[in-house]
Amino acid sequence: MEFIQAIPHPVLVGAVISLGLVIGSFANVCIHRLPLNESVVFPGSHCPACSSAVRPLDNIPVISYIILAGKCRDCATRISPIYPVIEAVTAALLITGFFRFGLSFDFLVFVVVAPTLVIITAIDIEHQIIPDVITLPGIVLGLAVGTYTIGYANSLLGFFLGGGLFYLLAVLSNGGMGGGDIKYIAAAGALLGWQKVLLVIFIGALLGSIIGLFQIAVQKISRKSLIPFGPFLAMGTLITLFYGNSLIQLYLDYLVG
């Protein structure tokens, strides 16, 4: 720890940004392959159009996309700009988490959670699913970390409260709530505890309602075309990770006042 503290702050910032870009590159692999039930390890990165292996120098996050003008070096097929966007967003989240939490256990958890939220958001928007390969390990991680940070009782209560509420909603709405959402909020509850999982649900529902009404009123789309709930839960989780304690305290102060 003393060695890390001796590292100049700009160097640490650069290292965190680089780490975020690398993790963002791996997030792209997960986003593309997990819905197809493909391995995220083998084969290596390749062009989806011509299947040519991506050269190491062509696999540098963001920079390679710019150098190649967003095209495959071998077949010149245009590569979606979503790839560098995912890499940049992931890096931005990690450096924001670094400034918020510093070099701490909370930041270590954030390094795992934040990219996962990016992956969940992208997959749910495109495929309307949150894969079990993400949520089930997330539950295990949430219970393990939650037991350490907030106590096993709070972690278990958050797990059952979050998952139970969404399961009840799924039953009452006759399938209106997906299984992926249920498992996700159970994992979030295990990680954050019962108070913060309620905050995640509230923020997610609020954001979902605002965006949904905007899409219906302005974009004139049907209810079936609305963005899935997963991205809003992910945003609610991020906000809660950063400001959960302050928001809960603000609410309690309002009740008392």
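The values are calculated or read from the model by the stated rules, or taken from the named source; none is laboratory data. Remember, it's a predicted structure, so these values are computed and weren't measured experimentally. Neighbour counts are summed over all protein chains in view; Cβ atoms, including those assigned to glycine, are modelled from backbone coordinates with ideal geometry. Just so you know, the surface numbers come from the protein's heavy atoms only, side chains and all, with ligands and any DNA or RNA stripped out. Shrake-Rupley method; radii C 1.70, N 1.55, O 1.52, S 1.80 Å.
Could you say which residue among ILE227, ILE185 is touching a helix residue (DSSP H, G or I) at 6+ places or on another chain (Cβ under 9 Å), open to solvent by 40 Å² or more (accessible area, probe 1.4 Å) and either farther than 22 Å from LEU141 by Cβ or among the aliphatic types (A, V, I, L, M) (or both)?
ILE227
Please enumerate the residues belonging to region 144-162 that are under 11 Å from LYS196 (Cα atoms), of a type outside the set (Ser, Thr, Tyr) and open to solvent by less than 30 Å² (accessible area, probe 1.4 Å).
GLY158, GLY162 - these are the residues of region 144-162 that are under 11 Å from LYS196 (Cα atoms), of a type outside the set (Ser, Thr, Tyr) and open to solvent by less than 30 Å² (accessible area, probe 1.4 Å).
Being farther than 16 Å from VAL112 by Cβ, open to solvent by 50 Å² or more (accessible area, probe 1.4 Å), part of a helix (DSSP H, G or I) and not polar (S, T, N, Q) is the filter here, so list the residues in region 10-59 that pass it.
The answer is PRO10, VAL11, ALA15, ILE17, HIS32, LEU36, PRO56, LEU57.
Which one of these is over 21 Å from TYR167 (Cβ atoms) and in contact (Cβ under 8 Å) with a residue 12 or more places away in the chain: GLN219, GLN215?
Step by step, each of GLN219, GLN215 is checked, and only GLN215 is over 21 Å from TYR167 (Cβ atoms) and in contact (Cβ under 8 Å) with a residue 12 or more places away in the chain.
Mind telling me which of the residues PHE107, PHE99 ends up being touching a helix residue (DSSP H, G or I) at 6+ places or on another chain (Cβ under 7 Å), assigned to a helix (DSSP H, G or I) and of a type in the set (Phe, Trp, Tyr)?
PHE107 is the lone residue from the list that is touching a helix residue (DSSP H, G or I) at 6+ places or on another chain (Cβ under 7 Å), assigned to a helix (DSSP H, G or I) and of a type in the set (Phe, Trp, Tyr).
Could you pull out the residue among VAL113, VAL89 that is open to solvent by less than 40 Å² (accessible area, probe 1.4 Å), assigned to a helix (DSSP H, G or I) and touching a residue at least 40 places away in the same chain (Cβ under 8 Å)?
Of the residues listed, the single one that is open to solvent by less than 40 Å² (accessible area, probe 1.4 Å), assigned to a helix (DSSP H, G or I) and touching a residue at least 40 places away in the same chain (Cβ under 8 Å) is VAL113.
Just give me the residues in region 61-84 being surrounded by 16 or more Cβ atoms within 10 Å (Cβ to Cβ) and free of Cβ contacts under 8 Å to residues at least 40 places away in the same chain, in sequence order.
SER64, TYR65, CYS72, ASP74, ILE79, PRO84, listed by residue number.
Say whether the condition of being touching a Gly at 6+ places or on another chain (Cβ under 9 Å) and either aromatic (Phe, Trp, Tyr) or touching a residue at least 60 places away in the same chain (Cβ under 8 Å) (or both) is met by at least one residue in region 134-151.
yes
With respect to ILE123, is the statement that it is in a loop (DSSP other than H, G, I, E, B) and under 13 Å from the mean Cα position of the chain (by Cα) true?
So ILE123 does not fit the description; no.
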